[in-house]
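The values are calculated or read from the model by the stated rules, or taken from the named source; none is laboratory data. All values reported here derive from a predicted model rather than from experimental measurement. Note: ideal-geometry Cβ built from the backbone for every residue, glycine included; neighbour counts use all protein chains shown. In case anyone asks, the SASA skips ligands and DNA or RNA and just uses the protein heavy atoms, side chains included. Shrake-Rupley method; radii C 1.70, N 1.55, O 1.52, S 1.80 Å.
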There are 4 protein chains.
Amino acid sequence: MSFNSFGRLFRFTSWGESHGPAIGCVVDGCPPGIVLRAADIQRALDQRKPGTSRFVTQRKEPDEVKILSGVFEDDRTDGPRTTGTPIALMIENVDQRSKDYDDIRDTYRPGHADFTYDAKYGFHDYRGGGRSSARETACRVAAGAVASAVLQHLYGDGVTIRACLVQMGPHKINRARFDWAEVENNPLWCPDPVAAKDWEEKLDAVRKAGSSLGAVVEVIASGVPAGLGAPVYGKLDADLASAMMSINAAKGVEIGAGMDAAALTGEENADEIRIKNGKPHFLSNKAGGILGGISSGQDIVARFSVKPTSSILTPRKTITAGGEETEIVTKGRHDPCVGVRAVPIAIAMMACVLADHALMHRGQCG
Amino acid sequence: MSFNSFGRLFRFTSWGESHGPAIGCVVDGCPPGIVLRAADIQRALDQRKPGTSRFVTQRKEPDEVKILSGVFEDDRTDGPRTTGTPIALMIENVDQRSKDYDDIRDTYRPGHADFTYDAKYGFHDYRGGGRSSARETACRVAAGAVASAVLQHLYGDGVTIRACLVQMGPHKINRARFDWAEVENNPLWCPDPVAAKDWEEKLDAVRKAGSSLGAVVEVIASGVPAGLGAPVYGKLDADLASAMMSINAAKGVEIGAGMDAAALTGEENADEIRIKNGKPHFLSNKAGGILGGISSGQDIVARFSVKPTSSILTPRKTITAGGEETEIVTKGRHDPCVGVRAVPIAIAMMACVLADHALMHRGQCG
Amino acid sequence: MSFNSFGRLFRFTSWGESHGPAIGCVVDGCPPGIVLRAADIQRALDQRKPGTSRFVTQRKEPDEVKILSGVFEDDRTDGPRTTGTPIALMIENVDQRSKDYDDIRDTYRPGHADFTYDAKYGFHDYRGGGRSSARETACRVAAGAVASAVLQHLYGDGVTIRACLVQMGPHKINRARFDWAEVENNPLWCPDPVAAKDWEEKLDAVRKAGSSLGAVVEVIASGVPAGLGAPVYGKLDADLASAMMSINAAKGVEIGAGMDAAALTGEENADEIRIKNGKPHFLSNKAGGILGGISSGQDIVARFSVKPTSSILTPRKTITAGGEETEIVTKGRHDPCVGVRAVPIAIAMMACVLADHALMHRGQCG
Amino acid sequence: MSFNSFGRLFRFTSWGESHGPAIGCVVDGCPPGIVLRAADIQRALDQRKPGTSRFVTQRKEPDEVKILSGVFEDDRTDGPRTTGTPIALMIENVDQRSKDYDDIRDTYRPGHADFTYDAKYGFHDYRGGGRSSARETACRVAAGAVASAVLQHLYGDGVTIRACLVQMGPHKINRARFDWAEVENNPLWCPDPVAAKDWEEKLDAVRKAGSSLGAVVEVIASGVPAGLGAPVYGKLDADLASAMMSINAAKGVEIGAGMDAAALTGEENADEIRIKNGKPHFLSNKAGGILGGISSGQDIVARFSVKPTSSILTPRKTITAGGEETEIVTKGRHDPCVGVRAVPIAIAMMACVLADHALMHRGQCG
C-alpha cells in the first residue's frame, strides 16, 4: 500500500527530492533474462532531460543513470541480463541551486504543493519543491524503460508506444496533418508541422513574458493484444487514469473519446466490428482500445491535460507559513510549458501499466 | 493486488454478476464503534436503484442490503456498532431475465465488454454482462455508505459530498443557475431547473427512439481538511481518477479545471491565497482542492464523462464468437442515459477515497 | 493491505463471526475455465466440520457452502466453470447458542482474545469469540478447495497435499510406523496406528476431565515443481510461516528440520544432491523442500504447534472488563484438542500459498 | 505485492546483491518530523557488520550507510528530520572477491539457493549468492533503525527490543543465569556468561574444523501497548512469523511457548490474569504477548532457529548446472555460526513489524 510505489506484479518504488543528493527507483517483479543496459535506460532519460532546448528548464542535469542491482553480466552473454530480482536505478542530482529557494522557504507558492505538504507533514523540504518536484519523473522514465524492455521481451516489436502534444495552451493541432514522423522534428513533440512552428513562436513570447501555458499530451500504444486488464477496480483504464493523473500538474485524463464521449449518441459511440484479414476489426475507436477495463486489440489511446507551470514572473497573492498575507514572484529555472516535458513521462507510464497488466494476465490466465 | 478490491486502509472487495444469485462486498479496515444500520446503507442504495423513473432501466430490483458481519448489537447500545472486523454486505438479485440474453450469447455487443472478456478469459457469463454489468455498482454504493459513516465518525458533519449531472448529451447546465437544492427535484440529478426540464424532454425522445446519450457527472466534497493525500503514486487525485474511471462507461476524469487547464495561462491557473477569518482562503479553485496530490481544504471537485449506453435499438454491425459478421439489436432493459445512475456511485467512490486517505493520514501523521 | 485477506495473485478475503448470520470469503484471481462445483468445496468442508466425533466440538453446523459468484454454468459444459472473476462463498451459521456466552460478556477468558480485542477495538462481539473464533477457519478450507482446483488445473494430479497430527500433548508418533493410509482410519488424523489408539484413550480422559491438550500438525506437499517462491520477503517459507501462524491457536511453525536445525552441524544439515533418473535428486530433506525461499522440487514439509484449547472446566483466575479480579470456567461446546481440527485447515493454507506462488511465478517467469 | 518489500503502512523495499556495486532499501510511510541521522542507523549496522570477531565472516565491509532522501536539515532544527516521503538508504559494497566464486559458477552448493534460483529464473548471479546472500540483511538492519525511531517517536522510551542467542548447536543457555547485561559482553550475544565461555571454545573448534553450527535467536519486545495487531491474516504473530522466517537460514519460528505449547495442558497454557497496580497483570506468558493476533501488553517473545552455515570445508556431493554429479568444498569467507549475526537482524525485523502495526492501529483505531 506504499504511497510511492506503482504497479502490482511489475512494480516500482521511487524516491528522492529535487535538491537531495540523488533520486532513484527500485523496479521489482521484472522477468529474468532480459538484456538491460544502462544505455537503454539512458536513451529514454535523455528525452526527458532538462536543459535541452530553450523551452525547458535551464537546470543542467546530466541525468546519468546507474544500475545498482538486478542485472548480471555473465561472460557468456552479450550484455547484462535481468536476474528477476529488484533493479535499483539511481540518478545523482548535480545542478542544485538551493539558494534560489531561500526567499520562498516561508512563503507558499500558489499552484504549488508547499501549502498542502505543510498541512500534511507539518513542514517540508522547500528546495525546488522537494518530493513534489517534477524531478521525480526521471524515475518514472527510468522505470518505463525497463517496462519497455519487458514488453519487447513479451511481444517482440509488436507493441509501440508513442506520445505527442496535441494542444499547447488553447491551440490544438490539426488532426488532418497528424504525422508521428514530425514529433521528433521539433522541440515541442508536436505531430503537426504547421502547428509546431506556430507554437514555437507563441511559446517564445510566453517565455519572455515570464508566463506559462498548459498542454494536452496524447499517448498511444499500438499492437497491444486483446485481453489485458481486469474487472472492476483493476481495470486497464482505471490504472491508466491513476498513472496519468499522478504525473505532476495533470488535471484531466481521457481514454478514447474521453470527456467528449458525453456528447455522443449510442449510435455514434459504440465501435462496430467486422472481420478483416480473418481477425476482428473495429470500424472506429471511440473506446480508446479498452472495453470493460480490458484491451480490445485496438490502439490504446490516452490523453491528459497538464496545467501551466505555476512558477511565473508575475507577482501573485499568497500567504506565509506564519499566516501573513504577502506577494510572491517565483524565481528559479522553470519550464514555460511543463507539458512539453510530460511527453516521455506519458510513454513511460503507459509502458509500466501495460507491463504490469501483461504479467498479471500471464499469471492469471497463462 | 486484488483485481476487485479498492482502497488501502479502508478497503472493499466486491463480487457478483448481473444474473447470479447475489452481489455484495466486504469492507475491511472500518474503524470500530461506529453505529451502522442496514437502513443507513439502504438509503444510499435506494438512490441508485433501478426502476425508479422512466429514465432508468425497468429491471425491478429491491436492492435490499443485508449486513452479514462486522457489526454487533450489544444491548447497551442504541444500534449495531462496527467491530473493526470485515463488514460483509449482500444484495440478492431478484429480477433476472436471463432469457433476454439468449440471442447474444455468441454475438459480441458493440461497446460492451463481451469481446474483451472472451479475449481475456476464453469465455464469459453473457447474461446481462456478467461481472461487467453496472449492477456491480450497487456494491460501490453500499461500501460508500460505510465510508460516509467513517467520515462522519472522523469529522462529524464537517464533510459533505454531493454530485449532479452537469451535462447530458451535448447539453450543459447554465452554471449561473447551479443550485444544489434542485438536484433532488428532478429525476436527472440536474442542478439547473431550466436545463432539467429541457433534458427530460430530450431524454424522452431519445428513449422512445431506442437511442441513448452520454453525460458528465460532477462530484464535490466540501469540508475536507487540508493534508489528505500522499506523494507520488498515492496522490488523492490519482486515486480519484482511478475510482471514477473504474465506474462503468466512464471515459474521462477531471479534477478542478480538468482538461480545460491546458488552455489557461499560469496567471489564470494558480489559485491565489489570502487570509480570511484567520484561515488560509483561496481566491479561486482551478486546482479542484488538490495540490501535489494532497487536499488543500478547498472543495474537492471531480468530474467524469459517461459514454452513452451501448445497448440501443438500432442494428449495429458486429461479429460472433465464431468469427462471422452479423448485426445486433440489444434487447433487455436499459437506461437511455446511464450517466443518470452514476450520480450516487460518484458520491460513493468519493467517500471511499476520502475515508481511505483519512485513515492513512491518521496512521502516518497522527 | 487488508487485514483479513491472504495472498497476492490468488487472494482471498474472509469475513464473519462465530455467532453472526453467516461466514464466508471472496476468492479473487482464480484462473478462468476451471470446473468448480459446490460439492468439491463441500467435501473439504466436511473434513473440518464440527460435531463429527466425540473429540470435536458438539456444535452442530452443517457448514453448507454456497457459491454466489464467479462461476458460470454454460449449457455447453459438464459443470460450472470459474469465470476469472471473484468467487464469493458463503456458509450460514445455524447452531448458535449465544446464551452460553452471557456470563462471559464482561469477563476475559484467559488464553482467549477477549482482552486484546477490547484493548484494540474498545469493545468486542463476545459471542463465541466473534471474529477470533475458529469458526473463521471454515472460510480457509473453502478457499483452499478453490486453491486445490487451481493446482489441479496447473499441474494435473502432480501435486498432492496431505496433513496429519504428529504429536498430541507430549505424545509423539513413531516415525517408523508413519503411514498416510492410516490418517483417515482414526478421528485424530494420526498416521501411526499404534499411537492413534493410545491417543484416543488419552484424549477421552482429558475430555472427561474437562481439560485440553495441544498438538503438532504436519503438512506435506509432494510434486511441487522447483522454482516456486521469491526473494526476499516473498519467500515461500515466509508465506507458509505467516499462513500457519495465522491459524487459531498456532504458536510455532517449522519448515523441514525446523527448530531442530539449530542443533545440527553443517555436514548434517545441507542436503546433498545426486542425479537419479536423469533428474536432480536430494539425499535428504532437512530443508523441507525450500532453499532461499524457493521450492527445490522436494516435498515441502511444514509443521506447526497448536496450543491446548483455552476453554476448560477448571476455574481460572481472570479479570472483568471493569477491572475486577474474578474466576472463570468456560462453558460452551469446545474441542479437547483443537489441533485435531487444524489438519484440514493446514492443507487448505498450504494449497492457497502454493496456488498464489504458482500464479505469481507464471506471471513473472512465464 | 512486491516480492522484495515488507510491511504495509511502514513499508520497506530492499535491493542489491552480494557482489554488486551497492545494496540498499527504501523506507516508505515513515511519519514526518522524526530526527534521523545517518549515525543512528550506522550504530545499528555496526552491530551486524562482518569482520568484527573471529566468529563472523572475515569479509571487510565498512557498511557505511548514506541517507539519500526523505530527510531534511532545516537550519532551524538540531538534526535532519524525516519529511514523510521515502527514505532511501544505500550501502556500498567494498570488499567483494568475486574470483572466490569462479569454481562454483556451474556447481550447486548444497544447502544454498543456487539450484532453486536457477530453477526459477533460468540462471543466477553466482557471486556470493547474489540476491540470496545474507548481505541483504544489512538493509533490514537499516530499515529497522528507522522503525526504532518510529517507535521512539510514538512511545518515547516505552518500548525496548532486545535479542540474544539462547542456543548454539545443541547447547542451550541456563535460563536461571539469563542476564541481558551479559549479551554485549561476549561476541556470541549470549545472555548466560557461563554458556558464553563454553560456546566460544566450542565454536573455535568448529571454525578450525571448517564445520558450522546452527543456533536459536530469541527476540523480546517489552513495553508494547496492548491492542497492536489485527485479525485474521494481519495478525501480529503471523507477521512476526513471516518476518523471522524470511531471515536467511531460518527454519522455525516460535511465539511464546512455541512448539512446546503442543505438550502443555489447557491449565498450564492459558495465562491467568490479575490486577496489579491498577492494571491487568498476567501471571505467566505462555502466549508470548499475543492473543488472537493482537498484543496483550506483555513482553512479545519470538524465537527462531538458524540452520548451520552450508558453506563448510568438508567435500559434499552435488551436481552441476549441466546435470553431472560432482563434489564441492565451499571456499570464500564464511561464518561458523551464522546465527550469531542474526541477532541484530531479529531486533530490526521486530521493530519493523511493530512500527507497521503501530501506524496501522493508529490509522484504523485512532
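Here are the numbers for this structure:
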item	result
Test for D:P86: is it touching a residue at least 40 places away in the same chain (Cβ under 8 Å), within 16 Å of D:C30 (Cα to Cα), buried (at least 17 other Cβ atoms within 10 Å of the Cβ) and not polar (S, T, N, Q)	yes
Per-region count, segment A:311-335, residues buried (at least 24 other Cβ atoms within 10 Å of the Cβ), within 7 Å of chain B (Cβ to nearest Cβ) and assigned to a loop (DSSP other than H, G, I, E, B)	1
Some residue of segment B:188-196 being aromatic (F, W, Y), within 8 Å of chain A (Cβ to nearest Cβ) and either open to solvent by 10 Å² or more (accessible area, probe 1.4 Å) or not in a helix (DSSP H, G or I) (or both)	no
Condition check for B:A149: under 30 Å from B:S296 (Cα atoms) and in contact with a helix residue (DSSP H, G or I) (Cβ under 6 Å, 6 or more places away or on another chain)	no
All positions within segment A:291-303 that are more than 8 Å from chain B (Cβ to nearest Cβ) and hydrophobic (A, V, I, L, M, F, W, C)	A:I300, A:V301, A:A302
Unique match (being open to solvent by 50 Å² or more (accessible area, probe 1.4 Å), assigned to a helix (DSSP H, G or I) and either charged (D, E, K, R) or farther than 30 Å from D:E324 by Cβ (or both)) among C:E182, C:E201	C:E201
Members of segment A:221-232 found to be open to solvent by less than 10 Å² (accessible area, probe 1.4 Å) and either outside any strand (DSSP E or B) or on the phi > 0 side of the Ramachandran plot (or both), listed by number	A:V224, A:G227, A:L228, A:G229, A:A230, A:P231, A:V232
Yes/no for D:T83 being over 30 Å from A:I34 (Cβ atoms), touching a Ser or Thr at 6+ places or on another chain (Cβ under 9 Å), at the interface with another protein chain (Cβ under 8 Å from one of its Cβ atoms) and of a type in the set (V, I, T)	yes
Residue match in segment A:294-312 (condition: at positive phi, under 18 Å from the mean Cα position of the chain (by Cα) and touching a residue at least 24 places away in the same chain (Cβ under 8 Å))	no
Checklist (1) among the basic types (K, R); (2) out of contact with any strand residue (DSSP E or B) (no Cβ under 9 Å at 6 or more places or on another chain); (3) over 20 Å from B:A163 (Cα atoms) applied to B:K197, failing item	(3)
Within segment B:106-148, tally of residues that are closer than 30 Å to B:I347 by Cα and more than 10 Å from chain A (Cβ to nearest Cβ)	15
Some residue of segment C:106-123 being in a helix (DSSP H, G or I), under 20 Å from the mean Cα position of the chain (by Cα), at pLDDT 95 or above and not polar (S, T, N, Q)	no
Segment D:1-19, residues that are facing another protein chain (nearest Cβ under 7 Å) and part of a loop (DSSP other than H, G, I, E, B)	D:M1, D:S2, D:F3, D:N4, D:R8, D:L9, D:E17
Some residue of segment C:211-220 being away from chain D (no Cβ under 11 Å) and in a helix (DSSP H, G or I)	no
Any hit, segment B:159-178, residues being assigned to a helix (DSSP H, G or I) and at pLDDT below 95	no
Extreme residue, farthest from A:E73 (Cα to Cα), among residues of segment D:24-41 that are open to solvent by less than 10 Å² (accessible area, probe 1.4 Å) and at the interface with chain A (Cβ under 7 Å from one of its Cβ atoms)	D:G29
Residue count for segment B:242-282, restricted to those that are part of a loop (DSSP other than H, G, I, E, B), over 23 Å from the mean Cα position of the chain (by Cα) and within 7 Å of chain A (Cβ to nearest Cβ)	4
Candidates C:D46, C:D95, C:D75, filtered to the one that is surrounded by fewer than 19 Cβ atoms within 10 Å (Cβ to Cβ), in a loop (DSSP other than H, G, I, E, B) and either within 14 Å of chain D (Cβ to nearest Cβ) or touching a residue at least 12 places away in the same chain (Cβ under 8 Å) (or both)	C:D95
Residues being open to solvent by less than 20 Å² (accessible area, probe 1.4 Å) and either closer than 28 Å to A:Y121 by Cα or of a type in the set (V, I, T) (or both) - total across segment D:49-72	7
Lone unmet requirement of (1) in contact (Cβ under 8 Å) with a residue 24 or more places away in the chain; (2) over 17 Å from the mean Cα position of the chain (by Cα) for A:N174	(1)
Within segment B:86-105, tally of residues that are under 23 Å from the mean Cα position of the chain (by Cα), modelled with pLDDT of 75 or more and not small (G, A, S)	9
Number of the exception - B:R207 against (1) open to solvent by 10 Å² or more (accessible area, probe 1.4 Å); (2) within 30 Å of A:T314 (Cα to Cα)	(2)
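Rundown of residues vs (1) open to solvent by 30 Å² or more (accessible area, probe 1.4 Å); (2) in contact with a strand residue (DSSP E or B) (Cβ under 8 Å, 6 or more places away or on another chain); (3) under 30 Å from C:L359 (Cα atoms), yes/no style:
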| position | (1), (2), (3) |
| --- | --- |
| A:G252 | no, yes, no |
| A:A261 | no, yes, no |
| A:T265 | yes, yes, no |
| A:N269 | no, no, no |
| A:K276 | yes, no, no |
| A:A348 | no, no, yes |
| A:V353 | no, no, yes |
